[in-house]
Structures are given as C-alpha cells and as structure tokens.
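Working notes for the structure below.
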Amino acid sequence: MTSYSSKCIPALVVLALLCTTARAQLILNRQVTASNGGSGVVNAIRLQYTIGESVVTPVTDGRLLLTQGFQQPEELPALPPGANPVRNYIIFPNPAITNAKVQFDLLRNATVTIQVLNPAGQTLYHQFLEMGAGKTTVLLPVNHFAAGIYTVVLKVNASIYFEKLIVQ
C-alpha cells in the first residue's frame, strides 16, 4: 500500500499542476516618477533623463505584485481637447541674483517659448524649444538684468502662462 500511494501522490500533483487554469499575460504601461530630471539637445539629438529616487508604479491583483523596472514612460494618456498641457509651473529661486530656473511638467510633446519681459513689455530674453512630455527645468540667466520685477511668459502650443520674477 505504501508503494502504491508513493507512486500516486506525485502523479496526482503533476495532474493538479497541469489542470490549473492559465491566465492571459497582463500588459503593463510603464510609468516612473523621479524626484528631478531634465533634457537637452546635443548634435541635434534630444536627450532626456531623470535623477533621484525613482518610484515605480506596481500592478497587483492582490496575490501577485508586478513592477516594471526603471524605465521612462512609453505612452501617455491622451489629453481631452482644451485641457491644460502644463502642470506645476514654478520659477525658483525667486528673488534671483544670477540664475533662475523655470520648472514645469509637460503632459504631451509641445513647442515651448520662454520670454522675459520688463515692466514696459519689452522682451529681454527669448528661448524657443521643442520638448517632450515630462518634467523640465530650464536655466534662465538673469545676472545681466537690472534689479526689478519682470514677467516670465511661458507659451506652450496655444496656451500662455505668466509668472512674476524678482531680480536683485
């Protein structure tokens, strides 16, 4: 009896494993949120990078936890018409002495223009960029500006955003 049960138990285990239901593969949309990053153009090649501690969005069904690793998003959800393409627009340090940083999150690829206007409305600085979606930081040199209050204009496609900048 012992030899019969010792032969049947492994056979039953194999049979149970073969009879389990198969599940379809889950397709993961990759998304990584990092503490900072930037982009630049070198020899007509756009480079984008993230730095800091990454937070990887896991997918779970309660029994299994899947993570995607450290990679940039491959797809972005479509924005509804008229949706704001920019989030978290900030200028720092403000007040600035030598340089200020313009930081914002783009929700889709866009044509970006950054301008600095004096109180008379004259353009003192102008920069045109083609940017991909994600967090962007642009260095704004202000050391040649006279002390005063200026307006930084951020144009993203058809949207325009204003922010005051104090130069000491």
**Item:** Unmet requirement for residue 112, which otherwise passes all of (1) modelled with pLDDT under 90; (2) touching an Asp or Glu at 6+ places or on another chain (Cβ under 8 Å)
**Value:** (1)
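Each row is one residue, and each column tells you yes or no for (1) among the aliphatic types (A, V, I, L, M); (2) assigned to a strand (DSSP E or B); (3) surrounded by fewer than 17 Cβ atoms within 10 Å (Cβ to Cβ); (4) free of Cβ contacts under 8 Å to residues at least 40 places away in the same chain.
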position: 94; (1), (2), (3), (4): no, no, yes, no
position: 100; (1), (2), (3), (4): yes, yes, no, no
position: 104; (1), (2), (3), (4): no, yes, no, no
position: 112; (1), (2), (3), (4): yes, yes, no, no
position: 120; (1), (2), (3), (4): yes, no, yes, yes
position: 124; (1), (2), (3), (4): yes, yes, yes, yes
position: 127; (1), (2), (3), (4): no, yes, yes, yes
position: 130; (1), (2), (3), (4): no, yes, yes, no
position: 136; (1), (2), (3), (4): no, yes, no, no
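Whether any residue in the range 99-107 is more than 16 Å from residue 161 (Cβ to Cβ), modelled with pLDDT of 90 or more and not acidic (Asp, Glu) is what I want to check.
Here is the first cut: in the range 99-107, the residues more than 16 Å from residue 161 (Cβ to Cβ) are 99.
From the residues that got through so far, the ones that are modelled with pLDDT of 90 or more too are 99.
Checking which are not acidic (Asp, Glu) leaves us with 99.
There is at least one residue in the range 99-107 that is more than 16 Å from residue 161 (Cβ to Cβ), modelled with pLDDT of 90 or more and not acidic (Asp, Glu).
Consider the range 138-155. How many of its residues are within 22 Å of the chain's Cα centre (by Cα) and either more than 22 Å from residue 44 (Cβ to Cβ) or loosely packed, with under 15 Cβ neighbours inside 10 Å (or both)?
From the range 138-155, those within 22 Å of the chain's Cα centre (by Cα) are 138-140, 153-155; that's our starting set.
This time we only want the ones that are either more than 22 Å from residue 44 (Cβ to Cβ) or loosely packed, with under 15 Cβ neighbours inside 10 Å (or both), so: 139-140, 153-155.
Number satisfying all stated conditions: 5.
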**Fill in**
A careful count of residues in the range 112-168 that are in contact with a Leu (Cβ under 8 Å, 6 or more places away or on another chain) and of a type in the set (Gly, Ala, Ser) gives 3
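The values are calculated or read from the model by the stated rules, or taken from the named source; none is laboratory data. A quick note: this is a predicted structure, and the numbers were derived from the prediction, not measured. Cβ atoms come from the backbone with ideal geometry, glycine included; neighbour counts cover every protein chain shown.
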